[in-house]
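Below: one structure, written as structure tokens.
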Amino acid sequence: MHWRAITRLFGIFLLLYSLSFAPSLGVSLFYADAQWLVFVSSLLLTAGIGLLLWLPNFKAQAELSVRDGFLVVTLFWIILSLVGALPFSLGLHLNLTDAVFESVSGFTTTGATVITGLDQLPPSILYHRQQMQWLGGMGVIVLAVAILPLLGVGGMQLYRAEASGVAKQEKLTPRIAETARALWMIYLLLTLACALGYWLAGMQLFDAIGHAFTTVATGGFSTHDASLGHYNSPLIETIAIVFMLAGGVNFAVHFVALRRATLRPYVADTEVRVFLLIFALSSLFIAFSLYWVQTYSGALESLRYAAFQVASILTSTGFGTATFAEWPLHVPLVLVILSFTGGCAGSTAGGIKVMRILLLAKLGLRQLFQLAHPQAISVIKVGRKPVSEDILFSVWGFYVLYIVTALLLTVAMMAAGLDLESAFGAVVATINLLGPGLGEVASTFASANDAVKWLGVFGMLVGRLEVFTLLILFLPAYWRH
């Protein structure tokens, strides 16, 4: 391990992140909400810690290995969440557990919250929550990768370890920094378009920007307790659906579509087609179910609520216009299954990802085919491209670890005091980066005890770092030279 180089890197990261408190400070001064000192203190503390880490090691430059990259990514998400919690602790006087939970939920784009009374919070604190999800959505590490090469720090290892923003090993441009900048440009354009749409649909500018941050990031934090249900607007909900789905699509596909100025890449990409098909069929099925039991008065109203909730759950955004846990019969379970499915690989969404689900389904079908034809040789393809056995083995390993981790977390949540429904709901809400759960945590984690919240923090980090990046640190072999 290159410990001094890693420490220097953390120092640079924190110095850069300290600048993110400046917009919140500006919002506080503009609205005169008496929180300016909170953000000045947070900025100075974060920058001070960054300087303490950087100054003694500013000459310690070394090329990081992939092994170093796993540690840097994991530890930085933890450190980032700790400094991101400062405004919650200093401004809202939350205890350590609640402040860290809220911060981790923000940066991992989970959207689970311990805060109630959002409509009465100071605007600067609300903005800080929304901005955290926007930064976390594409991955703060990817943002740093675009900048650090200019400072003499190589970024490829961090880019490969950061699993949430872009598809691993996939470089859209010859240089990694150019790739990261291109992806952030697309991310920014989507955010601006979403904010403009919300504003034209009737939101106030502050709310439009805040909700655009968390829509494209598929995060789900809102400036209102009732989430987007506060507006009761079909137009706003339609805009949200479009941009939640955009956030759930592989950003590499967005890049190719923008570069070629055509929508053809969306049609040509197998994963995107399956993703949109899942959305459409699930929306129709749940709309029919709601209409059948007369949850809503008509077919169009049933489709309106079903489509919004399916888009929100499938992309792990977690916005709500209704509490899906209270819907009848099989509908909540169908939505839970969708939350485990998640969005496309290389998107801001959580879950197992559509590509992995697709490959797992093909694996199962191949096994059935080979049982019927033992001598046959069957190659799994995505589109026209064959998938190597190494990738299939990796997908299977990921799936096993993901499900086992979810089951163990459910057991731990029950041991911490939750009933079965609430424990399972808490795991669904955290490991899938969803936000709303079931039972006691259907809308907020405020009533959960500290043990449940810390387990939730672990679940959110596992989900955000896609299992491997975090769990590899628990292997003794990882630490052996």
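Would you list E102, E326, E237 from fewest to most Cβ contacts within 10 Å? If you can, show how the numbers build up before the last one.
Values: E102 28, E326 11, E237 23.
Exposure proxy ranking, most exposed first: E326, E237, E102.
The simple Förster model, with R0 at 41 Å and r as the Cβ-Cβ distance, assigns A376 and S447 a FRET efficiency of 0.15. The charge dipole of the chain, taken about the Cα centre with unit charges on the Cβ atoms of Lys, Arg (+1) and Asp, Glu (-1), comes to about 1800 debye, rounded to the nearest 20.
With r defined as the distance between the Cβ atoms of V404 and W292 and R0 fixed at 35 Å, what FRET efficiency is calculated, to the nearest 0.05? Walk me through the intermediate numbers first.
On the way: r = 36 Å, r/R0 = 1.03.
Calculated value: 0.45.
What does the charge add up to near V379, with Lys and Arg as +1, Asp and Glu as -1, over the other residues with Cβ less than 15 Å from its Cβ?
Working: positive: K362, R366, K381, R384, K385; negative: E389, D390.
Overall, the nearby charge balance is +3.
Subtracting the Cα-Cα distance of R273 and R67 from their residue separation scaled by 0.36 nm leaves 70.7 nm.
Within a straight-line Cα-Cα reach of under 15 Å, K381 can be paired with the following aspartates and glutamates, leaving aside sequence neighbours fewer than 8 residues apart in one chain: D269, E271, E389, D390.
Around the amide H of T110, modelled in the peptide plane, lies no amide H under 5 Å away from a residue 5 or more places distant or on another chain.
Adding -39500 (n - 2.57) for every DSSP H run of four residues or longer, then dividing by how many residues the chain holds, sets the calculated 222 nm ellipticity at -20500 deg cm²/dmol. Taking θ as phi - 60° and the Karplus parameters 6.51, -1.76 and 1.60, the scalar couplings of segment 287-295 work out to 4, 5, 4, 5, 5, 4, 8, 6, 5 Hz in sequence order, x denoting glycine and proline. Would you mind counting up the charge near T321? Only other residues with Cβ under 12 Å from its Cβ, with Lys and Arg at +1 and Asp and Glu at -1. Value of the local net charge: -1. Restricting the calculation to alpha carbons of segment 173-320 gives Rg and Dmax of 16.3, 55 angstrom. Across the chain, the relative contact order, built from alpha-carbon pairs under 8 Å that are at least six residues apart, equals 16 percent.
Amide H contacts of V382: V387, each under 5 Å away and 5 or more positions distant or on a separate chain (H built 1.01 Å from N in the peptide plane; Pro and chain starts excluded).
Multiplying the residue separation of M414 and T323 by 0.36 nm and removing their Cα-Cα distance gives an extension gain of 30.5 nm. Name the residue from S447, Y305, T238 whose Cα lies farthest towards the positive end of the charge dipole of the chain, charges +1 on Cβ of Lys and Arg and -1 on Cβ of Asp and Glu. About the Cα centre, the residue reaching furthest to the positive side is T238. In this label model, N95 and Q204 are separated by 3.3 nm, measuring between points 7 Å along each Cα→Cβ vector.
Averaging the sequence gap over all C-alpha pairs within less than 8 Å and six or more residues apart, then dividing by the number of residues, gives segment 394-481 a relative contact order of 24 percent.
Between K385 and R264, what is 0.36 nm times their sequence separation minus the Cα-Cα distance? Round to one decimal in nm. If you can, show how the numbers build up before the last one.
On the way: separation 121, 0.36 × 121 = 43.56 nm, distance 1.79 nm.
So the extension gain works out to 41.8 nm.
Rounded to the nearest whole Hz, the Karplus-based 3J(HN,Hα) values (6.51 cos²θ - 1.76 cosθ + 1.60, θ = phi - 60°) of segment 38-46 follow the sequence 4, 7, 5, 5, 5, 4, 5, 5, 5, with x at glycine and proline.
Throughout, read-outs are computed from the coordinates displayed, never taken from laboratory work. What you are looking at is a predicted structure, and each value in this text was computed from that prediction instead of being measured. For neighbour counting, all protein chains shown are included, and Cβ atoms are generated from backbone atoms with ideal geometry for every residue, glycine included.
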